[in-house]
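For reference, the structure is listed below as structure tokens.
The values are calculated or read from the model by the stated rules, or taken from the named source; none is laboratory data. Values in this document were obtained by computation on a predicted structure and should not be read as measured data. FYI the Cβ positions are ideal-geometry reconstructions off the backbone, even for glycines, and counts take in every protein chain you see.
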Amino acid sequence: MEFFKRLGEIDNRVIYILLILSLLIPLMKPLGLPISVGAHTRRSFSVIDKLQAGDRVIVDISYSVSGAADVQPQAVAILKHLFDKGAKAIFVTTVTEGPMIIESLVKPWEQAGKRYGVDFCNLGFLAGGENAIAMYCRDIKKAYPTDYRGNATSELPVLEGIHSAGDVKMYIFFSTQNSDMYVRQVTQYKIPIIGGLINTIAPQAEPYVNAGQLAGILVGLRGGAEYEILMKSPGMGVASMDAQSMGHLLIIMSVVLGNLSYFLTRSAKPVKKGAVK
């Protein structure tokens, strides 16, 4: 009984240290906890896997730093798939933080030998939200006379022969906003659309998937982890899911053991004379 009494008196700081360790260790060395792959992720993977070397894809990176935890693992995994297939990426964004995020995504690939302007380009930020999407889908070079690095888009080999969204093989967007504006502006070009979304927004996009307007979606951090599993290349998504699972497990164990300690020690206390039983 003494053990359970001490269990209920553990310093809160010990719990905090255990929680930090349970999060940090899987992030540094993923445990590889089993994750089932959902239908949405499989569908998205199957569509992207049909791309051929040289196919060009518009990739809209329109999430902020605050939403990166949910969406960036998806973007990293899909970008790896695109470049492994030999596809070429045309990056655009409608959020001010987008160009910086794009540069961070492509940096390791540029260091690995992918050529700017040939294998990918960063066209940068275009203001206007849905109007910006409509503009660059209608005429990408008119919307972006120069790219984020100051190059004339008319001189970029990766954009040769590309005038509108109808000239690329696929459109992929990553966003913390609803998918409605992408569906409204891109479906008219008759190309597959894949969406990377945060957990709270994804349910709103499911009717578009069922209607065939979206070829597939990835749902939150788990969607990124599932995609890494299909790629057989565990990364930040799998590591983050491991950390999340271990953190949840520690919290559940703390609640269970804390309640167990409370009820067992309470029942063991002697009843004072005259007290109502």
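Does Ile17 count as of a type in the set (A, V, I, L, M, F, W, C), in a loop (DSSP other than H, G, I, E, B) and over 26 Å from Ile191 (Cα atoms)? It would help to see each step written out before you state the result.
On the way: of a type in the set (A, V, I, L, M, F, W, C): yes; in a loop (DSSP other than H, G, I, E, B): no; over 26 Å from Ile191 (Cα atoms): yes.
No, not satisfied.
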Criterion: modelled with pLDDT of 95 or more and either within 22 Å of the chain's Cα centre (by Cα) or within 24 Å of Val183 (Cβ to Cβ) (or both) - qualifying residue of Tyr116, Tyr136, Tyr148, Tyr63: Tyr136
Filter result for the condition that a residue is surrounded by 15 or more Cβ atoms within 10 Å (Cβ to Cβ), outside the structural domain of Thr176 (by TED's automatic domain parsing) and in contact (Cβ under 8 Å) with a residue 12 or more places away in the chain, over Leu19, Leu82, Leu51: Leu19
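Restricting to the stretch 171-186, what's the tally of residues that are touching a Phe, Trp or Tyr at 6+ places or on another chain (Cβ under 9 Å) and either among the acidic types (Asp, Glu) or surrounded by fewer than 21 Cβ atoms within 10 Å (Cβ to Cβ) (or both)?
As a first pass, look at the stretch 171-186 and keep what is touching a Phe, Trp or Tyr at 6+ places or on another chain (Cβ under 9 Å): 171, 173-177, 179-180, 182-183, 186.
Narrowing the set further to residues that are either among the acidic types (Asp, Glu) or surrounded by fewer than 21 Cβ atoms within 10 Å (Cβ to Cβ) (or both) leaves 176-177, 180, 183.
The total comes to 4.
Test Pro99 against the stated conditions and say whether it is in the same structural domain as Met181 (by TED's automatic domain parsing), surrounded by fewer than 17 Cβ atoms within 10 Å (Cβ to Cβ) and of a type outside the set (Ser, Thr, Tyr). Outline the logic, then answer.
Numbers: in the same structural domain as Met181 (by TED's automatic domain parsing): yes; surrounded by fewer than 17 Cβ atoms within 10 Å (Cβ to Cβ): no; of a type outside the set (Ser, Thr, Tyr): yes.
Here the answer is no, as Pro99 does not meet what is asked.
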Single residue of the stretch 188-205 satisfying the filter (under 16 Å from Ile133 (Cβ atoms) and of a type in the set (Gly, Ala, Ser)) that is surrounded by the fewest Cβ atoms within 10 Å (Cβ to Cβ): Ala205
Subset tally (residues that are in a loop (DSSP other than H, G, I, E, B) and either polar (S, T, N, Q) or closer than 19 Å to Glu160 by Cβ (or both)) for the stretch 102-143: 6
Complete set of residues in the stretch 86-98 that are in a helix (DSSP H, G or I) and more than 24 Å from Gly220 (Cβ to Cβ): none
